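Structure, as C-alpha coordinates:
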Amino acid sequence: MTYPTHRGRRLRRTPALRALARETHLVPDQLVAPLFVRAGTRVREPIASMHGHARLSPDMAAQEAVALAEIGITSVLLFGIPAEKDGQGSGAWDPKGPVPDAIRRIKREVPDVAVWADVCLCEYTDHGHCGVLEGAGVDNDATLPLLARASVAYAEAGADVIAPSDMMDGRVGVLRATLDASGFPDTVIVSYAAKYASAFYGPFRDAAGSTPQFGDRRGYQMDAPNVREAVREALADVAEGADMVMVKPGLPCLDVIRAIRERVDVPVAAYQVSGEFAMLHAAAERGWLDLTRAMHEAAIALRRAGTDVLITYFARDLAALLAAERQPVAVAEPLR
(Lines give C-alpha, C1' and ligand atoms only; values in the text may rest on other atoms or scores of the structure.)
Protein backbone atom coordinates (compact mmCIF):
# COMPACT_ATOMS: atom_id res chain seq x y z
CA MET A 1 0.00 0.00 0.00
CA THR A 2 1.37 3.42 -0.98
CA TYR A 3 1.89 5.71 2.01
CA PRO A 4 0.21 9.12 1.40
CA THR A 5 2.62 12.05 1.36
CA HIS A 6 -0.10 14.40 2.56
CA ARG A 7 -1.78 13.56 5.86
CA GLY A 8 -3.97 16.49 6.78
CA ARG A 9 -5.10 14.68 9.93
CA ARG A 10 -1.71 15.24 11.55
CA LEU A 11 -2.56 18.88 12.32
CA ARG A 12 -6.05 17.93 13.55
CA ARG A 13 -4.96 15.27 16.02
CA THR A 14 -5.00 17.30 19.26
CA PRO A 15 -6.58 20.54 20.48
CA ALA A 16 -3.15 22.20 20.64
CA LEU A 17 -2.30 21.27 17.05
CA ARG A 18 -5.71 22.37 15.79
CA ALA A 19 -5.27 25.72 17.54
CA LEU A 20 -1.79 26.10 16.06
CA ALA A 21 -3.06 25.60 12.50
CA ARG A 22 -6.26 27.62 12.87
CA GLU A 23 -6.74 30.16 10.06
CA THR A 24 -9.70 32.16 11.39
CA HIS A 25 -9.94 33.57 14.88
CA LEU A 26 -12.75 35.10 16.90
CA VAL A 27 -12.18 37.33 19.93
CA PRO A 28 -14.72 39.20 22.10
CA ASP A 29 -13.71 42.66 20.94
CA GLN A 30 -14.81 41.75 17.39
CA LEU A 31 -18.37 41.37 18.72
CA VAL A 32 -21.12 43.98 18.98
CA ALA A 33 -24.09 43.28 21.27
CA PRO A 34 -27.47 44.70 20.19
CA LEU A 35 -29.66 46.15 22.98
CA PHE A 36 -33.33 47.19 22.84
CA VAL A 37 -33.96 50.34 24.88
CA ARG A 38 -37.39 51.54 25.97
CA ALA A 39 -38.63 54.33 28.21
CA GLY A 40 -38.85 53.83 31.96
CA THR A 41 -36.70 52.93 34.94
CA ARG A 42 -35.63 49.49 36.18
CA VAL A 43 -37.51 47.83 33.32
CA ARG A 44 -36.45 44.47 31.92
CA GLU A 45 -39.17 43.03 29.65
CA PRO A 46 -38.25 39.58 28.30
CA ILE A 47 -38.70 39.18 24.53
CA ALA A 48 -40.55 35.92 23.95
CA SER A 49 -39.10 35.30 20.48
CA MET A 50 -35.50 36.07 21.50
CA HIS A 51 -34.22 33.79 24.25
CA GLY A 52 -32.34 35.67 26.99
CA HIS A 53 -32.98 39.13 25.54
CA ALA A 54 -35.20 41.88 26.91
CA ARG A 55 -36.40 45.42 26.33
CA LEU A 56 -34.36 47.46 28.77
CA SER A 57 -34.88 50.89 30.29
CA PRO A 58 -31.84 53.18 29.90
CA ASP A 59 -30.55 52.46 33.42
CA MET A 60 -30.75 48.71 32.82
CA ALA A 61 -29.09 49.11 29.40
CA ALA A 62 -26.18 50.80 31.16
CA GLN A 63 -25.95 47.89 33.61
CA GLU A 64 -25.93 45.48 30.70
CA ALA A 65 -23.14 47.43 28.99
CA VAL A 66 -21.08 47.21 32.19
CA ALA A 67 -21.63 43.44 32.39
CA LEU A 68 -20.71 43.00 28.73
CA ALA A 69 -17.53 45.07 29.15
CA GLU A 70 -16.49 42.83 32.04
CA ILE A 71 -16.44 39.81 29.70
CA GLY A 72 -14.61 41.64 26.91
CA ILE A 73 -17.44 42.95 24.72
CA THR A 74 -16.61 46.61 24.16
CA SER A 75 -19.30 47.63 21.65
CA VAL A 76 -23.08 47.83 21.95
CA LEU A 77 -25.69 48.74 19.31
CA LEU A 78 -28.80 50.52 20.60
CA PHE A 79 -32.31 50.33 19.15
CA GLY A 80 -34.98 52.62 20.57
CA ILE A 81 -38.57 51.83 21.47
CA PRO A 82 -40.38 55.13 22.08
CA ALA A 83 -43.37 55.70 24.33
CA GLU A 84 -45.27 57.30 21.42
CA LYS A 85 -45.06 57.14 17.62
CA ASP A 86 -46.12 59.49 14.83
CA GLY A 87 -46.00 59.77 11.05
CA GLN A 88 -42.56 61.39 10.96
CA GLY A 89 -40.91 59.30 13.66
CA SER A 90 -40.06 62.41 15.67
CA GLY A 91 -39.15 60.33 18.72
CA ALA A 92 -35.96 59.37 16.87
CA TRP A 93 -34.42 62.80 17.52
CA ASP A 94 -35.90 63.49 20.93
CA PRO A 95 -32.87 64.34 23.14
CA LYS A 96 -34.78 62.90 26.12
CA GLY A 97 -35.69 59.70 24.27
CA PRO A 98 -34.58 56.25 25.45
CA VAL A 99 -31.55 55.98 23.15
CA PRO A 100 -29.92 59.35 24.01
CA ASP A 101 -30.63 58.66 27.68
CA ALA A 102 -29.04 55.21 27.44
CA ILE A 103 -26.01 56.60 25.57
CA ARG A 104 -25.34 59.15 28.30
CA ARG A 105 -25.71 56.56 31.05
CA ILE A 106 -23.47 54.02 29.33
CA LYS A 107 -20.79 56.64 28.72
CA ARG A 108 -20.86 57.60 32.40
CA GLU A 109 -20.57 53.98 33.56
CA VAL A 110 -18.15 52.57 30.96
CA PRO A 111 -16.60 55.43 28.95
CA ASP A 112 -14.41 53.10 26.89
CA VAL A 113 -17.32 51.10 25.48
CA ALA A 114 -18.08 52.07 21.88
CA VAL A 115 -21.76 52.97 21.72
CA TRP A 116 -23.45 52.49 18.35
CA ALA A 117 -26.81 54.12 17.66
CA ASP A 118 -28.98 52.61 14.96
CA VAL A 119 -30.49 55.34 12.79
CA CYS A 120 -33.82 54.51 11.21
CA LEU A 121 -37.40 55.68 11.59
CA CYS A 122 -39.18 52.31 11.51
CA GLU A 123 -39.30 51.93 15.32
CA TYR A 124 -40.59 55.52 15.67
CA THR A 125 -43.23 55.83 12.93
CA ASP A 126 -46.84 54.83 13.48
CA HIS A 127 -46.87 53.17 10.04
CA GLY A 128 -43.69 51.13 10.62
CA HIS A 129 -41.82 52.19 7.49
CA CYS A 130 -38.23 53.46 7.53
CA GLY A 131 -39.03 56.98 6.30
CA VAL A 132 -41.81 59.50 5.83
CA LEU A 133 -44.57 58.58 3.43
CA GLU A 134 -45.66 60.09 0.15
CA GLY A 135 -48.87 58.29 -0.64
CA ALA A 136 -48.22 54.59 -0.16
CA GLY A 137 -44.46 54.87 -0.66
CA VAL A 138 -41.49 56.19 1.30
CA ASP A 139 -40.18 59.60 0.24
CA ASN A 140 -36.42 59.10 0.07
CA ASP A 141 -35.30 62.75 -0.03
CA ALA A 142 -37.78 64.00 2.57
CA THR A 143 -36.51 61.30 4.94
CA LEU A 144 -32.84 62.31 4.77
CA PRO A 145 -32.99 65.46 6.94
CA LEU A 146 -34.93 63.54 9.60
CA LEU A 147 -32.26 60.85 9.72
CA ALA A 148 -29.70 63.63 10.03
CA ARG A 149 -31.58 65.13 13.00
CA ALA A 150 -31.59 61.76 14.74
CA SER A 151 -27.88 61.29 14.06
CA VAL A 152 -26.99 64.64 15.61
CA ALA A 153 -29.16 63.88 18.66
CA TYR A 154 -27.27 60.63 19.22
CA ALA A 155 -23.88 62.25 18.63
CA GLU A 156 -24.73 65.01 21.10
CA ALA A 157 -25.58 62.35 23.68
CA GLY A 158 -22.14 60.81 23.18
CA ALA A 159 -22.58 58.07 20.55
CA ASP A 160 -19.30 56.89 19.04
CA VAL A 161 -20.94 55.31 16.00
CA ILE A 162 -23.95 56.26 13.88
CA ALA A 163 -25.36 53.25 12.02
CA PRO A 164 -27.99 54.17 9.40
CA SER A 165 -30.13 51.13 8.59
CA ASP A 166 -32.88 52.85 6.58
CA MET A 167 -31.52 52.10 3.06
CA MET A 168 -32.41 55.55 1.72
CA ASP A 169 -30.23 56.59 -1.21
CA GLY A 170 -27.65 59.26 -0.38
CA ARG A 171 -28.10 59.10 3.36
CA VAL A 172 -24.44 58.49 4.21
CA GLY A 173 -23.37 61.70 2.44
CA VAL A 174 -26.09 63.72 4.16
CA LEU A 175 -25.28 62.30 7.60
CA ARG A 176 -21.54 62.87 7.15
CA ALA A 177 -22.06 66.48 6.07
CA THR A 178 -24.54 67.16 8.89
CA LEU A 179 -22.38 65.58 11.58
CA ASP A 180 -19.33 67.51 10.39
CA ALA A 181 -21.23 70.80 10.29
CA SER A 182 -22.63 70.13 13.77
CA GLY A 183 -19.20 69.68 15.32
CA PHE A 184 -18.95 65.88 15.19
CA PRO A 185 -16.32 65.17 12.53
CA ASP A 186 -14.95 62.22 14.55
CA THR A 187 -18.25 60.36 14.87
CA VAL A 188 -18.01 57.09 12.95
CA ILE A 189 -20.58 56.09 10.33
CA VAL A 190 -21.22 52.38 9.84
CA SER A 191 -23.68 52.05 6.99
CA TYR A 192 -26.04 49.15 6.54
CA ALA A 193 -24.81 49.10 2.95
CA ALA A 194 -26.38 45.82 1.87
CA LYS A 195 -29.53 45.32 3.90
CA TYR A 196 -31.77 42.77 2.23
CA ALA A 197 -35.56 42.59 2.42
CA SER A 198 -35.29 39.39 4.45
CA ALA A 199 -37.65 36.96 6.15
CA PHE A 200 -35.12 36.66 8.99
CA TYR A 201 -36.11 39.92 10.75
CA GLY A 202 -39.33 38.65 12.33
CA PRO A 203 -38.25 38.42 16.00
CA PHE A 204 -36.61 41.87 15.80
CA ARG A 205 -39.85 43.41 14.58
CA ASP A 206 -41.63 41.75 17.47
CA ALA A 207 -39.05 43.13 19.90
CA ALA A 208 -39.01 46.67 18.48
CA GLY A 209 -42.65 46.92 17.40
CA SER A 210 -41.52 47.91 13.90
CA THR A 211 -43.62 45.74 11.60
CA PRO A 212 -44.98 47.82 8.67
CA GLN A 213 -48.68 48.50 9.00
CA PHE A 214 -49.12 48.01 5.25
CA GLY A 215 -47.04 46.68 2.38
CA ASP A 216 -43.42 45.72 2.90
CA ARG A 217 -39.93 47.20 2.54
CA ARG A 218 -38.93 45.66 -0.77
CA GLY A 219 -39.06 49.04 -2.49
CA TYR A 220 -36.01 50.27 -0.57
CA GLN A 221 -34.32 47.22 0.99
CA MET A 222 -32.31 44.99 -1.32
CA ASP A 223 -33.59 42.13 -3.45
CA ALA A 224 -32.18 38.79 -2.23
CA PRO A 225 -30.96 37.50 -5.64
CA ASN A 226 -28.56 40.45 -6.18
CA VAL A 227 -24.86 40.44 -5.29
CA ARG A 228 -23.34 42.92 -7.76
CA GLU A 229 -25.88 45.49 -6.59
CA ALA A 230 -24.70 44.96 -3.01
CA VAL A 231 -21.14 45.74 -4.06
CA ARG A 232 -22.34 48.93 -5.79
CA GLU A 233 -24.20 49.98 -2.65
CA ALA A 234 -21.13 49.40 -0.49
CA LEU A 235 -18.83 51.30 -2.85
CA ALA A 236 -21.31 54.20 -3.02
CA ASP A 237 -21.50 54.40 0.79
CA VAL A 238 -17.71 54.39 1.10
CA ALA A 239 -17.52 57.17 -1.50
CA GLU A 240 -20.04 59.19 0.56
CA GLY A 241 -17.96 58.81 3.73
CA ALA A 242 -18.87 55.52 5.43
CA ASP A 243 -16.09 54.33 7.75
CA MET A 244 -17.38 50.76 7.77
CA VAL A 245 -20.01 48.91 5.74
CA MET A 246 -22.41 46.23 6.89
CA VAL A 247 -24.17 43.24 5.36
CA LYS A 248 -27.49 42.07 6.80
CA PRO A 249 -28.58 39.30 7.35
CA GLY A 250 -25.43 37.29 8.00
CA LEU A 251 -25.46 33.56 7.20
CA PRO A 252 -27.76 33.85 4.15
CA CYS A 253 -25.28 36.39 2.72
CA LEU A 254 -21.84 34.78 3.09
CA ASP A 255 -21.20 35.25 -0.63
CA VAL A 256 -22.18 38.93 -0.37
CA ILE A 257 -19.79 39.45 2.55
CA ARG A 258 -16.96 37.91 0.55
CA ALA A 259 -17.76 39.95 -2.58
CA ILE A 260 -17.82 43.23 -0.63
CA ARG A 261 -14.72 42.31 1.41
CA GLU A 262 -12.79 41.91 -1.85
CA ARG A 263 -13.87 45.32 -3.19
CA VAL A 264 -13.65 47.75 -0.25
CA ASP A 265 -10.75 48.80 1.96
CA VAL A 266 -12.84 49.74 5.00
CA PRO A 267 -13.85 47.18 7.68
CA VAL A 268 -16.83 44.98 6.85
CA ALA A 269 -19.45 44.18 9.49
CA ALA A 270 -22.09 41.47 9.35
CA TYR A 271 -25.30 41.37 11.35
CA GLN A 272 -26.34 37.91 12.48
CA VAL A 273 -29.98 38.86 12.78
CA SER A 274 -32.80 37.89 15.11
CA GLY A 275 -34.19 35.16 12.87
CA GLU A 276 -30.80 33.44 12.67
CA PHE A 277 -30.55 33.60 16.47
CA ALA A 278 -34.10 32.32 17.02
CA MET A 279 -33.68 29.56 14.43
CA LEU A 280 -30.65 28.05 16.19
CA HIS A 281 -32.37 28.28 19.57
CA ALA A 282 -35.53 26.61 18.23
CA ALA A 283 -33.55 23.73 16.72
CA ALA A 284 -31.56 23.28 19.94
CA GLU A 285 -34.73 23.24 22.04
CA ARG A 286 -35.94 20.32 19.91
CA GLY A 287 -32.66 18.49 20.40
CA TRP A 288 -31.74 18.77 16.73
CA LEU A 289 -28.38 20.42 17.23
CA ASP A 290 -25.83 21.39 19.85
CA LEU A 291 -26.47 25.12 20.40
CA THR A 292 -22.98 25.95 21.67
CA ARG A 293 -21.22 24.31 18.73
CA ALA A 294 -23.70 25.66 16.17
CA MET A 295 -23.42 29.19 17.58
CA HIS A 296 -19.62 29.09 17.37
CA GLU A 297 -19.57 27.49 13.92
CA ALA A 298 -21.95 30.13 12.56
CA ALA A 299 -19.79 32.95 13.96
CA ILE A 300 -16.63 31.43 12.50
CA ALA A 301 -18.36 31.02 9.11
CA LEU A 302 -19.17 34.74 9.11
CA ARG A 303 -15.58 35.60 10.04
CA ARG A 304 -14.23 33.21 7.41
CA ALA A 305 -16.36 34.86 4.73
CA GLY A 306 -14.63 38.18 5.45
CA THR A 307 -16.45 39.72 8.41
CA ASP A 308 -14.24 41.99 10.52
CA VAL A 309 -16.95 42.97 13.03
CA LEU A 310 -19.83 40.70 14.02
CA ILE A 311 -23.10 42.06 15.40
CA THR A 312 -24.85 39.15 17.08
CA TYR A 313 -27.40 38.34 19.75
CA PHE A 314 -25.05 35.53 20.75
CA ALA A 315 -22.37 38.05 21.81
CA ARG A 316 -22.55 37.30 25.53
CA ASP A 317 -22.62 33.52 25.02
CA LEU A 318 -19.78 33.64 22.50
CA ALA A 319 -17.64 35.71 24.86
CA ALA A 320 -18.23 33.18 27.65
CA LEU A 321 -17.32 30.33 25.32
CA LEU A 322 -14.15 32.05 24.15
CA ALA A 323 -13.14 32.74 27.74
CA ALA A 324 -13.58 29.06 28.59
CA GLU A 325 -11.43 28.07 25.62
CA ARG A 326 -8.64 30.31 26.89
CA GLN A 327 -8.32 28.49 30.22
CA PRO A 328 -4.70 27.51 31.03
CA VAL A 329 -3.50 24.10 29.92
CA ALA A 330 -3.24 21.62 32.79
CA VAL A 331 0.37 20.99 33.88
CA ALA A 332 1.51 17.78 35.52
CA GLU A 333 3.13 17.86 38.94
CA PRO A 334 6.93 18.19 38.62
CA LEU A 335 9.05 15.13 39.33
CA ARG A 336 10.62 15.11 42.79
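The values are calculated or read from the model by the stated rules, or taken from the named source; none is laboratory data. Just so you know, these numbers come straight off a predicted model, no measurement behind them. Quick reminder, even Gly has a Cβ in these numbers, built from the backbone with ideal geometry, and neighbours come from all protein chains shown. Ligands, DNA and RNA are excluded from the accessible area calculation, which covers all protein heavy atoms including side chains. Shrake-Rupley method; radii C 1.70, N 1.55, O 1.52, S 1.80 Å.
Just a few scattered comments:
- Within region 1-74: Cβ-based charge dipole about Cα centre, in debye rounded to nearest 20 (Lys, Arg +1; Asp, Glu -1): 700
- For region 33-46, 3J(HN,Hα) per residue [Karplus equation, 6.51 cos²θ - 1.76 cosθ + 1.60, θ = phi - 60°, Hz, x = Gly/Pro]: 9, x, 10, 9, 10, 10, 5, x, 9, 6, 9, 9, 9, x
- Whole-Hz Karplus values for region 248-254 come out as 8, x, x, 4, x, 10, 4 Hz, taken residue by residue from phi with 6.51 cos²θ - 1.76 cosθ + 1.60 and θ = phi - 60°; glycine and proline positions read x.
- For the chain, the share of DSSP beta bridges that are antiparallel, to the nearest 5, is 15%.
- Lysines with Cα under 28 Å of Lys96, excluding same-chain neighbours fewer than 8 positions away: Lys85, Lys107
- Mean separation of Cα contacts under 8 Å, 6 or more apart, over the residue count of the chain: relative contact order %: 17
- Computed from Cα positions, the angle between helix 98-109 and the longest principal axis of the chain comes to roughly 50 degrees.
- Calculated P(r) tail over 15 Å for region 115-214, as whole % of Cα pairs: 61
- Listed residues Glu276, Glu45, Glu156, most fluctuating in the chain (Gaussian network, C-alpha, under 10 Å): Glu45
- Normalising the average separation of contacting C-alpha pairs (under 8 angstrom, six or more residues apart) by the number of residues puts the relative contact order of region 189-333 at 25 percent.
- As a length-normalised measure over Cα pairs under 8 Å and 6 or more apart, the relative contact order of region 123-267 settles at 25 percent.
- Principal-axis tilt of helix 274-285 within the chain, Cα atoms, nearest 10 degrees: 40
- Annotation note: GluC sites (Glu not before Pro) in region 1-82 located in DSSP loop regions with a Cβ neighbour count of at most 13 within 10 Å are Glu23.
- Apportionment of accessible area to carbon and sulfur, the chain, percent (1.4 Å): 52
- Solvent exposure of region 180-251 as accessible area per residue, Å², 1.4 Å probe: 45
- Think of region 202-288 as having a plus end and a minus end, set by charges on the Cβ of Lys, Arg, Asp and Glu; of Cys253, Ala239, Val264, Cys253 sits farthest toward the positive end of this dipole.
- Each Lys or Arg adds one and each Asp or Glu takes one away; over the other residues whose Cβ falls under 15 Å from the Cβ of Tyr313, this sums to -1.
- With the convex hull drawn around the C-alpha atoms of the chain, the volume per residue stands at 192 Å³.
- Global size of region 204-336: 18.9, 78 Å for Rg and Dmax (C-alpha atoms, Rg to one decimal, Dmax whole).
- Largest mean-square fluctuation among Val152, Val27, Val238, in a Gaussian network model of the chain whose springs join Cα atoms under 10 Å apart, belongs to Val27.
- Between Ala181 and Arg232, the distance separating the two model label sites (each 7 Å from Cα on the Cα→Cβ line) works out to 2.8 nm.
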